[in-house]
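Structure, as structure tokens:
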Amino acid sequence: MTEVSLLRLYALRAVYLLIVVGLGIEIWPGIVHHEKPWALMQGVVNCVLAAVSVLAILGIRYPLQMLPLLLFELVWKSIWLLVVALPLWSANQMDAATSETARACLMGVIFLVVIPWPYLFANYLLKRGDRWR
């Protein structure tokens, strides 16, 4: 029941590759060549996303072991959509930048399709945890 098909493994690898390429195009040029200091949160966001792209490289080789990275992506995007985008959308106050970010976050739907949920539940939620002592 928790066996993951080869097709699903390749789909996971494709998603990790998509993250690497997407963030490589969007984030890394700014990391390497930023001319002026970033505002605090802009720097934090750029560095976290750069770290996600580096870790996604590991996901290409170890797609199941790096599932927590996809969960992180799914969870933060879901929280942002619910807490930031939905209230603005409900009030009809979404500006262009917020709409663009919402569209990018909605791409996270692909994670719902690709994540092998039975495997994830069996190995990350139901499996006995590591010992504390």
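The values are calculated or read from the model by the stated rules, or taken from the named source; none is laboratory data. None of these values were measured; they are calculated from a predicted model. Every residue, glycine among them, receives a Cβ derived from its backbone with ideal geometry; neighbour counts consider all protein chains shown. Each accessible area value is taken on the protein alone, full model and side chains, heavy atoms only, with ligands, DNA and RNA left out. Shrake-Rupley method; radii C 1.70, N 1.55, O 1.52, S 1.80 Å.
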Accessible area of LEU71, 1.4 Å probe, to the nearest 10 Å²? 50 Å²
Per residue of segment 42-47, in order, report the coupling 6.51 cos²θ - 1.76 cosθ + 1.60 (Karplus, θ = phi - 60°) as ³J(HN,Hα) in whole Hz, putting x for Gly and Pro. 5, x, 4, 4, 4, 5
Would you mind calculating the relative contact order of the chain from Cα pairs under 8 angstrom and at least 6 residues apart, reporting the percent as a whole number? 34 percent
Hull surface divided by four, with the convex hull built on the Cα atoms of segment 9-52: how many nm²? 3.1 nm²
Determine the principal axes of the Cα atoms in segment 23-89, then give the extent along each, sorted from largest to smallest and rounded to whole angstroms. 38, 35, 18
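Please give me, ordered by residue number, the chymotrypsin sites (Phe, Trp or Tyr not before Pro) of segment 40-133 that lie in loop per DSSP and have at most 14 other Cβ atoms within 10 Å.
Numbers: sites: PHE72, TRP76, TRP80, TRP89, PHE111, TYR119, PHE121, TYR124, TRP132; in loops: TRP132.
Within segment 40-133, the qualifying chymotrypsin sites (Phe, Trp or Tyr not before Pro) (loop, at most 14 other Cβ atoms within 10 Å) are TRP132.
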Would you mind getting the accessible area per residue of segment 40-133, heavy atoms of the protein chains only, 1.4 Å probe, in Å²? 70 Å²
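For the chain, which whole-number percentage of the solvent-accessible area (1.4 Å probe, protein heavy atoms only) is attributable to carbon and sulfur atoms?
Values: 6490 of 9580 Å².
C and S fraction of accessible area: 68 percent.
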Å³ per residue enclosed by the Cα convex hull of the chain: 163 Å³
Just to make sure I understand: if all protein chains stay in place, what is the order of MET94, MET66 by accessible area at 1.4 Å, largest first? MET94, MET66
Among LEU69, ASN123, PRO87, flag the residue with its Cα farthest along the positive direction of the charge dipole of the chain, charges on Cβ as +1 for Lys/Arg and -1 for Asp/Glu. ASN123
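Quote the convex hull volume per residue of segment 66-108, based on C-alpha atoms, as a whole number of Å³.
Numbers: hull volume 2.2 nm³, N = 43.
Taking the convex hull of the Cα positions in segment 66-108, it is 51 Å³ per residue.
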Using the Kirkwood formula on the Cα atoms of segment 58-133, what hydrodynamic radius do you get, in angstrom to one decimal? 14.4 Å
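Report the charge-dipole magnitude of segment 1-90 in Debye, nearest 20, computed about the Cα centre from +1 at each Lys and Arg Cβ and -1 at each Asp and Glu Cβ.
Working: 5 positive and 4 negative charges, 20 e Å.
Charge dipole of segment 1-90: 100 debye, to the nearest 20.
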